[in-house]
Amino acid sequence: MADEFEKEKSLSRRSFLKMSGVATGSLVAGTYLGSLIPTDEPKESKESEAPSENEGGEQASAQPTEDYTRAYKYFMNADHFKTIEAAAERIFPEDDLGPGALALGVGWFIDHELASGYGDNKREYMKGPFKEGTPYQGPQYPLLRRDLYDEGIRVMNEISQKDHDALFHELEAEQQDEILTKLESDELELRGAKASDFFEELRLATLSGVYADPLYRGNKDMQGWEMKKFPGAYMSYINEVEQDGAVELEPTPLSSHAESSE
């Protein structure tokens, strides 16, 4: 009787550890990450899991579902989105080392960030008075980030149409570089902020989108990490710590831990 009790107690403990994720070292991934982190690959619908039969009696192949993460969250105008994509590509262009910002999905990263608390400066003090600060004090303008982007896009397209009779994303790379250089050197005027403030914000967001976890819609297929040989979101290096020499690991995104806990 005592043996049966101990066996039942052991099984109950093992079941609890398995369900809680402790047994696999994924307690965090099995709770918060498993419920909050979406993956880039949407789950198939029930319709795709049960293919129907056609007239010939053969089963029709399941149609792949669309990736609904590639949908505008902030931008209401496709030209505005393409303007940001084009500008980001000139800041981080494709070269022999790997893809540029466009292929890495940086535009989607920026779009989703502007739709979040980052876009309306949720964690920053945004009340006046606003005065010119030192270079070490950071931005000192009253615009929210999303408003700064709107203003920057407006100026970029206005100067593009004035000088080249086309929108910014329709220009040649050299023409785009010329406008971005004017933004960086404050040769253009924005309402409520300096042009260089917008350029620096865009440059920072571009680099963040290149190297952020794919969870945030940039760094597509972890190609940004691969260029840097960055391994990504490993929970531990217990199997590698005693190996001699450099150890190269395949990049691992945060979403992989959520998937492994299911």
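Readers should treat all values here as calculations from the given coordinates under stated rules, not as data from a laboratory. None of these values were measured; they are calculated from a predicted model. Note that each Cβ is placed from the backbone with ideal geometry, even for glycine, and that neighbours are counted across all protein chains shown.
What is the extension gain from E158 to R70, computed as 0.36 nm multiplied by their sequence separation minus the C-alpha to C-alpha distance, in nm to one decimal?
Details: separation 88, 0.36 × 88 = 31.68 nm, distance 2.74 nm.
28.9 nm is the gain from fully extending E158 to R70.
In whole percent, what relative contact order does region 78-226 give with Cα contacts below 8 Å and a gap of six or more residues?
Details: 188 pairs, mean separation 46.9, N = 149.
Relative contact order comes out at 31 percent.
State to the nearest 20 debye the size of the charge dipole of region 198-262 about its Cα centre, where the only charges are +1 on K and R beta carbons and -1 on D and E beta carbons. Could the numbers behind the result be given before it?
Values: 5 positive and 12 negative charges, 73 e Å.
That gives a dipole near 360 debye.
I need the calculated FRET efficiency for the pair Q140 and L249, taking r as the beta carbon distance and R₀ as 35 Å, to the nearest 0.05.
On the way: r = 42 Å, r/R0 = 1.20.
Rounded to the nearest 0.05, the efficiency is 0.25.
Return the inverse of the average 1/r over all pairs of distinct C-alpha atoms in region 78-226, which is the Kirkwood hydrodynamic radius, in Å to one decimal. Can you show the working numbers first?
Values: mean 1/r = 0.0633 Å⁻¹.
Radius from the Kirkwood sum: 15.8 Å.
If you rank S160, S185, S208 by fewest surrounding Cβ atoms within 10 Å, what's the result? It would help to have the intermediate numbers written out before the result.
Numbers: S160 21, S185 11, S208 17.
Starting with the residue having the fewest Cβ neighbours, the order is S185, S208, S160.
Provide R191, R203 in ascending order of the number of other Cβ atoms located within 10 Å of each residue's Cβ, fewest first. Provide the component values of the computation, followed by the final result.
Working: R191 9, R203 17.
Placing the least packed residue first, the sequence is R191, R203.
Under 8 Å for C-alpha pairs, at least 6 residues apart: give me the relative contact order for region 156-224, rounded to a whole percent. It would help to have the intermediate numbers written out before the result.
Values: 53 pairs, mean separation 10.2, N = 69.
Reported relative contact order: 15 percent.
Which loop-located chymotrypsin sites (Phe, Trp or Tyr not before Pro) does region 224-256 contain, where loop means any DSSP state but H, G, I, E or B and the Cβ has at most 15 other Cβ atoms within 10 Å? List each step's numbers first, then the result.
Values: sites: W225, Y234, Y237; in loops: Y234, Y237.
Sites meeting the loop and neighbour criteria: Y234, Y237.
Can you tell me the dipole magnitude for region 78-226 around its Cα centre, using point charges on the Cβ only (Lys, Arg +1; Asp, Glu -1), in Debye to the nearest 20?
Numbers: 16 positive and 32 negative charges, 181 e Å.
That gives a dipole near 880 debye.
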